[in-house]
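One structure is given here, and the rest of the page talks about it.
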Amino acid sequence: ADDGIVLALESGAKVSRENLVRDFRRVLNQTVHLRWRMGTTELSAAISESGLGTAIISLDIDPIRFSHIDPQARENLRPPLAGLKTILDSCERLSGLYISNSTLSLSDHEAVGKCELSHLGLRNIKTEWSGLPREDIQKSKAALVSALVKDLEFLDLSNNDLIKGDLEGLRTLEQATSLTHVNLSSNNLGDDRVTVIAKAARSWKQLAHLDLRSNYITAVGAEALGNALQETTSISRVDLSSNRLGDAGVTEIAKAARNCKQLVHLGLRSNKITAVGAE
């Protein structure tokens, strides 16, 4: 990386805590981007013992990143991340956090929310808050989304239980006024929730990339998005592939696209578009 070094441990590697601590101590005077492709038990202990947390500015964790595992299998696995709160508490300079294919508890989410991040990716994440009443879970989700997005420029919550089926959590996205990149793909949002996102997008004055693939958006949601996009002069890439826009929805998006002078990419594949909409 231009602003530091990359430490990477890929899946299948065999490493002891002693070796990790030794290697981590060698780079304490560096700026570190850590990419971890295994479980986090040894990582948590090694960071605590070595003091590496003071050097880490970005952390990318994916415990099941194996090339032979298909996406459906990954969704069914999603293991918990032991010691995640301890890891995050020790990373004083952390500005970028990316976690994929995992199950996060309420305390895990709260630990993420306390980090002062500019870049956040929580992809294919399952929330595990057993024992909480449904209404408390919804309130917690809204509070957590609010805490997560407050200073963000980059947000990826694709296929994430944190926003699936939740309107209050989505409404708090209005607070993320510094966003430039947003990926909310594969969340089964539907038109009601996409309309909430469209309203939030009006406050994203610096937005450049918006990804809403695979969210069951029809012409109703497309109209709300189109109206919002016309006010987002900085937008350069929009992906609405694999939805249900149809000809009417594509027409709404096309009208908005004409006013988006910076737009260079518009993804509309697999949207039940006929020759009428293609015109």
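The values are calculated or read from the model by the stated rules, or taken from the named source; none is laboratory data. Please read these numbers as outputs of a predicted model, since none were measured by experiment. Methodologically, a virtual Cβ is constructed for each residue, glycine included, from the backbone with ideal geometry; neighbour enumeration extends over all protein chains shown. These accessible areas exclude ligands, DNA and RNA; they are computed on the full protein's heavy atoms, side chains included. Shrake-Rupley method; radii C 1.70, N 1.55, O 1.52, S 1.80 Å.
Given R₀ = 35 Å, FRET efficiency for GLN30-SER105 by Cβ-Cβ distance, to 0.05?
The formula returns an efficiency of 0.65 here.
Using only the Cα atoms of the range 213-279, build the gyration tensor, take square roots of its eigenvalues as a ≥ b ≥ c, and label the shape rounded, prolate or oblate: rounded if a/c is under 1.5, else prolate if a/b is larger than b/c, else oblate.
prolate
Select from ASP211, ASP192, ASP60 the residue whose mean-square fluctuation is largest in a Gaussian network model of the chain (Cα-Cα springs shorter than 10 Å).
ASP192
Which of the trypsin sites (Lys or Arg not before Pro) across the range 188-279 are loop residues per DSSP, with 11 or fewer other Cβ within 10 Å?
Numbers: sites: ARG193, LYS199, ARG202, LYS205, ARG213, ARG237, ARG244, LYS255, ARG258, LYS261, ARG269, LYS272; in loops: ARG202, LYS205, ARG213, ARG244, ARG258, LYS261, ARG269, LYS272.
Answer by residue number: ARG258, LYS261, ARG269.
What FRET efficiency comes out for ASN259 versus ALA147 if R0 is 41 angstrom and r is the Cβ-Cβ distance? Round to the nearest 0.05.
After rounding, the FRET efficiency stands at 0.75.
Only one of the listed values, [x] 169; [y] 201; [z] 128, was derived from the coordinates as volume of the Cα convex hull per residue in Å³; which label is it?
Given [x] 169; [y] 201; [z] 128, the calculated one carries the label [z].
Counting only protein chains, not ligands or nucleic acids, how are HIS33, HIS209, HIS109 ordered by accessible area (probe 1.4 Å), most first?
HIS209, HIS33, HIS109
Quick one: net charge of ALA198's neighbours, Cβ under 13 Å, K/R +1, D/E -1?
Summing Lys and Arg as +1 and Asp and Glu as -1 gives -2.
Provide the FRET efficiency to the nearest 0.05 for the GLU168-SER234 pair, computing r from the beta carbons and using R0 = 30 Å.
0.65
Can you work out ³J(HN,Hα) from phi for every residue in the range 167-179, in order, using Karplus 6.51 cos²θ - 1.76 cosθ + 1.60 and θ = phi - 60°, giving whole Hz and x for Gly and Pro?
7, 4, x, 5, 4, 5, 5, 4, 6, 8, 6, 9, 4
Give the shape of the range 149-279 as rounded, prolate or oblate, defined through the alpha-carbon gyration tensor: a ≥ b ≥ c are the square roots of its eigenvalues, a/c under 1.5 means rounded, and otherwise the shape is prolate if a/b is larger than b/c and oblate if not.
Cα axes put the range 149-279 in the oblate bin.
In terms of the Cα gyration tensor, with a ≥ b ≥ c the square roots of its eigenvalues, is the range 144-213 rounded because a/c is under 1.5, prolate because a/b exceeds b/c, or oblate?
rounded
In Å², what does the accessible area per residue of the range 120-279 work out to with a 1.4 Å probe?
Normalised by residue count, the accessible surface of the range 120-279 is 45 Å².
For ILE99, what residues show an amide H to amide H distance below 5 Å, using hydrogens built from the backbone and excluding near sequence neighbours?
ILE61, GLY121, LEU122, ARG123
Can you put ASP156, ASP239 in order of accessible area, largest first, using a 1.4 Å probe?
Sorted by accessible area, descending: ASP239, ASP156.
Given a 10 angstrom Cα cut-off, can you work out which residue in ASN29, ASN187, ASN259 is the most mobile in a GNM of the chain?
Largest GNM mean-square fluctuation: ASN29.
If one computes the Cα centroid of the range 162-188 and of the range 119-143, what distance in Å separates the two points?
13 Å
Ignoring ligands, DNA and RNA, what percent of the 1.4 Å accessible area of the chain is carbon and sulfur?
Exposed carbon and sulfur together represent 47 percent of the surface.
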